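Contents: one structure, followed by commentary.
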Amino acid sequence: MAYEHHVHAGNTGDVFKHVALLALAAALKKSQLTVVESHGGSGSYTFQSTGEWQQGVGRLLAEWPAGASSGSVAVDRYLARVRRLQGDRDRFYPGSPLLLADALGPTGRIWAWEIDAAVAGRLRSTLAPYRGQVTAGDGLAALAALPAGEQRLVHVDPPYADKAEWTDGAAAVIASARAHRDAVYALWYPIKRLARPVALQQEFQSSKLPFVAIDLITTPLDTAPDKMAGSGILIVRPPSSAVADIAAAATVLGPVLATHGAAWSVRVTSG
Ligand SMILES: C[S@@+](CC[C@H](N)C(=O)[O-])C[C@H]1O[C@@H](n2cnc3c(N)ncnc32)[C@H](O)[C@@H]1O
């Protein structure tokens with residue numbers, strides 16, 4: 001069965017990823033910014049009455065009602081953007097292409113890839129009010145052929161349905177980052193056990209590209225080894241202000257998203 005992100009939309013992994021992406025966009029949006037989404041999804045989701053969103057964005061929306069501050073600039077920015085896009089549709093959740101396109105404003109542009117043609121069609125409708133283009137096709141292959149120029153944030157968000165996506169994603173980001181020296185890359189990954197995230201981070205250490213990886217773990221790693229216990233975002237050429245904002249956001253998200261009391265943690269690795 002094809003990967004279906006709507007089951008996961010708004011879960012703890014989406015929350016951390018989307019908080020981090022909006023912090024990166026805010027740090028980079030000094031002038032015109034182009035966002036590249038290699039794995040776009042549909043950009044628009046509807047919460048079911050039960051679902052992973054309840055342990056994710058649902059907890060945040062309840063913890064910090066409109067107007068309340070979480071104490072983190074990045075979390076407040078994310079919740080304000082989610083609420084703005086929800087309007088009066090409280091079961092609506094915006095995916096990363098919509099959150100970013102909306103945050104970029106009229107001078108920004110978004111180039112998105114999505115391999116599932118029907119999902120790509122939905123993303124095209126979602127992004128119709130914004131500048132950019134949606135292509136039905138392989139976003140990892142597209143990373144190798146990005147045109148030069150433009151200040152760029154590249155978001156790489158594979159579904160990790162297959163073990164090879166760990167190495168393929170890292171190889172595609174490293175090759176693309178070497179070819180595009182001004183671009184900032186954000187590679188998201190789930191954490192079930194630490195072995196694969198650590199191996200991924202070691203590949204970037206070996207590449208000599210400057211990076212920071214921030215991991216937020218909200219379930220003890222030995223609780224259910226086949227379930228997601230947290231997630232991480234690896235940023236190549238990280239803007240320092242965004243790293244500080246994301247790390248601070250992780251310490252505010254941890255206690256609210258934790259599934260086992262105070263058992264949450266943040267790991268920061270840099271190279
Ligand atoms: C995790 S979801 C994307 C979620 C989205 N970035 C967000 O945060 O809202 C991953 C998506 O990648 C798509 N996909 C899988 N392999 C792909 C590839 N090689 N190129 C482009 N899209 C791909 C899947 O169909 C799925 O819609």
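Among the residues of the range 26-38, which ones are surrounded by fewer than 24 Cβ atoms within 10 Å (Cβ to Cβ) and either small (Gly, Ala, Ser) or within 11 Å of the ligand (Cβ to nearest atom) (or both)?
ALA26, ALA27, SER31
Checking the conditions here, which among PHE47, PHE92 is modelled with pLDDT under 95 and not small (Gly, Ala, Ser)?
Unique residue meeting the criteria: PHE47.
Inside the range 65-88, can you point out the residues that are more than 15 Å from HIS18 (Cβ to Cβ) and either in contact (Cβ under 8 Å) with a residue 24 or more places away in the chain or buried (at least 16 other Cβ atoms within 10 Å of the Cβ) (or both)?
GLY71
Just the residues that are touching a strand residue (DSSP E or B) at 6+ places or on another chain (Cβ under 6 Å) and in a helix (DSSP H, G or I), please, taken from the range 26-46.
Within the range 26-46, LEU28 is the sole residue that qualifies.
So if I check each of ALA161, ALA177, which one is touching a residue at least 12 places away in the same chain (Cβ under 8 Å), among the small types (Gly, Ala, Ser), more than 30 Å from THR107 (Cα to Cα) and touching a Phe, Trp or Tyr at 6+ places or on another chain (Cβ under 6 Å)?
Details: ALA177 fails: more than 30 Å from THR107 (Cα to Cα).
Exactly one residue qualifies, and that residue is ALA161.
Can you list the strands (runs of 3 or more DSSP E) lying wholly within the range 73-182 that have 2 or more residues being more than 9 Å from the ligand (Cβ to nearest atom) and under 23 Å from ARG237 (Cα atoms)?
109-114, 151-156
Considering every residue within the range 5-17, establish whether at least one is closer than 26 Å to VAL236 by Cβ, modelled with pLDDT under 90 and not aliphatic (A, V, I, L, M).
Yes.
Can you confirm whether GLY132 is surrounded by 13 or more Cβ atoms within 10 Å (Cβ to Cβ), over 27 Å from GLN48 (Cβ atoms) and in contact with a Leu (Cβ under 6 Å, 6 or more places away or on another chain)?
no
Do we find that PRO190 is part of a strand (DSSP E or B) and either surrounded by fewer than 21 Cβ atoms within 10 Å (Cβ to Cβ) or under 19 Å from the mean Cα position of the chain (by Cα) (or both) in this structure? Lay out the reasoning, then the answer.
Numbers: part of a strand (DSSP E or B): yes; either surrounded by fewer than 21 Cβ atoms within 10 Å (Cβ to Cβ) or under 19 Å from the mean Cα position of the chain (by Cα) (or both): yes.
Against the criterion (part of a strand (DSSP E or B) and either surrounded by fewer than 21 Cβ atoms within 10 Å (Cβ to Cβ) or under 19 Å from the mean Cα position of the chain (by Cα) (or both)), PRO190 qualifies.
Can you name the residue in the range 98-122 that is small (Gly, Ala, Ser) and surrounded by fewer than 17 Cβ atoms within 10 Å (Cβ to Cβ) and is also nearest to LEU85 (Cα to Cα) among such residues?
GLY105
Filter the range 5-25 for residues that are farther than 14 Å from VAL154 by Cα, near the ligand (Cβ under 8 Å from one of its atoms) and not hydrophobic (A, V, I, L, M, F, W, C) and give the result.
Those that are farther than 14 Å from VAL154 by Cα, near the ligand (Cβ under 8 Å from one of its atoms) and not hydrophobic (A, V, I, L, M, F, W, C): HIS5, HIS8, ASP14.
Here are some residues: THR269, THR167. Which one is closer than 25 Å to GLY56 by Cα and not basic (Lys, Arg)?
It is THR269.
When you check SER49 against the structure, is it more than 9 Å from the ligand (Cβ to nearest atom), in a loop (DSSP other than H, G, I, E, B) and farther than 26 Å from ILE246 by Cα, yes or no?
Yes: the conditions hold for SER49.
The values are calculated or read from the model by the stated rules, or taken from the named source; none is laboratory data. For clarity, every value in this text was computed on a predicted model and none was experimentally measured. All Cβ positions, even for glycine, are placed from backbone atoms using ideal geometry, and neighbour counts span all protein chains on display.
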